[in-house]
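Okay, so here's the structure we're looking at.
Rule-based calculations on the coordinates, nothing more; no lab input. What you are looking at is a predicted structure, and each value in this text was computed from that prediction instead of being measured. As a convention, Cβ positions derive from the backbone with ideal geometry for all residues, glycine included, and neighbour counts pool all protein chains shown.
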Amino acid sequence: MSRKFVFEWDPESLELGVEAMDKDHQKLIFLMNNIFQLYSKKSSRDQISHSLDELGKFVVEHFAREERYFDSVANYPDADIHKSIHKKLVNKYVSFVKSYKEGGDLTDDFFFFLKAWLVAHIEGVDARYAS
Ligand SMILES: [Fe+2]
Ligand SMILES: [Fe+2]
């Protein structure tokens, strides 16, 4: 699989200027890269499953933290939509993990999903509570 799935922290496009969220987003990237590296090295399914659970757990924590944050931003109009997008992302992630644990593979689709999530969500959605 090609380098296209290496996730990079690009302050220019991804930094929101909200320190706690920027830190979380960097950790998301770190955990995503970790999954991709383990997958590329053909690590054991146990190790890969563990890394998937780690990202899943952190994502849930991050979304909760982010929701508390933007609920405290006075003029942020998209809170409900943003929460429902978070829910959809988690559901989709959980279904990818489930099918992997049932013996499936991590497909390009999965890594594209992570990448799209990262770029589209942070730049397109998260950026609006910080603006
Ligand atoms: Fe978000
Ligand atoms: Fe976020």
Next item on the list: Would you point out the residue of the stretch 39-86, among those that are under 22 Å from K115 (Cβ atoms) and of a type in the set (F, W, Y), that is farthest from ligand 1 (Cβ to nearest atom)?
Entry: Y39
Check: Just one of E66, E54 is acidic (D, E) and in contact with a Leu (Cβ under 8 Å, 6 or more places away or on another chain); which is it?
Finding: E54
Next item on the list: Kindly indicate whether Y93 is farther than 19 Å from V119 by Cα and either surrounded by 18 or more Cβ atoms within 10 Å (Cβ to Cβ) or of a type in the set (S, T, Y) (or both).
Entry: no
Notebook entry, point to check: Is it the case that H121 is within 12 Å of ligand 2 (Cβ to nearest atom) and surrounded by fewer than 18 Cβ atoms within 10 Å (Cβ to Cβ)?
Noted result: yes
Next item on the list: May I ask you to say which residue of S95, S44, S40, S51 is away from ligand 2 (no atom under 13 Å from the Cβ), in contact with a Ser or Thr (Cβ under 9 Å, 6 or more places away or on another chain) and over 22 Å from L16 (Cα atoms)?
Entry: S51
Notebook entry, point to check: Residue check, V59 against (1) away from ligand 2 (no atom under 16 Å from the Cβ); (2) closer than 17 Å to N34 by Cα; (3) of a type outside the set (F, W, Y); (4) touching a residue at least 24 places away in the same chain (Cβ under 8 Å), all met but one. Which one?
Noted result: (1)
Note to self: Just checking: which of the helices (runs of 4 or more DSSP H) contained wholly in the stretch 24-131 hold 3 or more residues that are farther than 22 Å from F5 by Cβ?
What the structure shows: 45-71, 79-101, 127-130
Notebook entry, point to check: Is it the case that F36 is in contact (Cβ under 8 Å) with a residue 12 or more places away in the chain, within 16 Å of ligand 1 (Cβ to nearest atom), in contact with a helix residue (DSSP H, G or I) (Cβ under 7 Å, 6 or more places away or on another chain) and of a type outside the set (V, I, T)?
Noted result: no
Margin query: Report every pair of residues separated by at least 6 positions or lying on different chains whose Cβ atoms are under 6 Å apart, first residue within the stretch 15-31 and in contact (Cβ under 8 Å) with a residue 60 or more places away in the chain, second more than 8 Å from ligand 2 (Cβ to nearest atom).
Written below: L16/D22; L16/A130; G17/A130; V18/A130; I29/F7; I29/W9
